[in-house]
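The structure appears right after this line, and notes come after that.
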Amino acid sequence: MDVKCPICNELGEKVKGITVKHLVIENFVEKIDHKEIYYLCMNEHCDVVYYNLDIESTFDKTKVKVPIWFKSDANPKYICYCSKVTEEEIIDAVTNKDAKNMKDIIKFTGAMKDGNCILNNPLGKCCGSVILEAMNKAIEAKDKNTKS
Ligand SMILES: [Zn+2]
């Protein structure tokens, strides 16, 4: 079943309770059932991070320990939460260190080392595809700059 964000009414992504339990601030840990499914609101302008069918279980940005990378005011913008690698560091690796592929990115930034994504990543998933996206965007921007 699809559950919409109670504030912005957009569809969120499913997240396991164990992930949510690890990422909400101390005061709310006890309210989280690790066996439940929660949702992450993917709307960059919405303050809600996690929610589920129970309105009491709506957690906005102030109740979560880490900034959510795609939210408009996320700072820092972590891409790899396990190794605390930011979008900026990935762009820097491409622009200034000439990283061309995932292997280079991992080498220059230390991303994806000691991965424990189920607990550290807000979606509870490996950040690989998000890193790839950030890297490709940076490579594209670099190509444009060198051509003009
Ligand atoms: Zn929302």
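The values are calculated or read from the model by the stated rules, or taken from the named source; none is laboratory data. Just so it is clear, the structure is predicted and the values come from calculations on it, not from any experiment. Reconstructed Cβ throughout: ideal geometry from the backbone, glycine too, with neighbour counts over all protein chains shown. For accessibility, only protein heavy atoms count, side chains too; no ligands or nucleic acids. Shrake-Rupley method; radii C 1.70, N 1.55, O 1.52, S 1.80 Å.
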**Asked** Which numbered condition trips up residue 62, out of (1) surrounded by fewer than 18 Cβ atoms within 10 Å (Cβ to Cβ); (2) at pLDDT below 95; (3) of a type in the set (Ser, Thr, Tyr)?
**Response** (2)
**Prompt:** residue 49 passes all but one of (1) touching a Cys at 6+ places or on another chain (Cβ under 7 Å); (2) open to solvent by 20 Å² or more (accessible area, probe 1.4 Å); which number fails?
**Reply:** (2)
**Prompt:** Is at least one residue of segment 120-142 part of a helix (DSSP H, G or I), open to solvent by 70 Å² or more (accessible area, probe 1.4 Å), over 25 Å from residue 15 (Cβ atoms) and of a type in the set (Asp, Glu)?
**Reply:** yes
**Residue in segment 1-46 that is least open to solvent (accessible area, probe 1.4 Å), counting only those that are touching a His at 6+ places or on another chain (Cβ under 9 Å) and within 16 Å of the ligand (Cβ to nearest atom)** = 20
**Fill in**
Restricting segment 43-68 to residues that are touching a strand residue (DSSP E or B) at 6+ places or on another chain (Cβ under 6 Å) and assigned to a loop (DSSP other than H, G, I, E, B), the one farthest from residue 6 (Cα to Cα) turns out to be 68
**Request:** Taking residue 97 as the residue in question, decide whether it is touching a Phe, Trp or Tyr at 6+ places or on another chain (Cβ under 7 Å), closer than 17 Å to residue 127 by Cα and assigned by TED's automatic domain parsing to the domain that holds residue 143.
**Result:** no
**Request:** Please enumerate the residues belonging to segment 18-42 that are in contact (Cβ under 8 Å) with a residue 24 or more places away in the chain, not aliphatic (A, V, I, L, M) and not in a helix (DSSP H, G or I).
**Result:** 38, 39, 41
**Message:** Looking at segment 47-59, I want the residues that are more than 21 Å from residue 69 (Cβ to Cβ) and have a partner that is open to solvent by less than 10 Å² (accessible area, probe 1.4 Å) with Cβ atoms under 8 Å, at least 6 apart or on another chain. Which pairs are those?
**Reply:** 52/38; 57/32; 57/38; 57/50; 57/51
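For residues in segment 97-119 being acidic (Asp, Glu) and more than 28 Å from residue 50 (Cβ to Cβ), which is least open to solvent (accessible area, probe 1.4 Å)?
104
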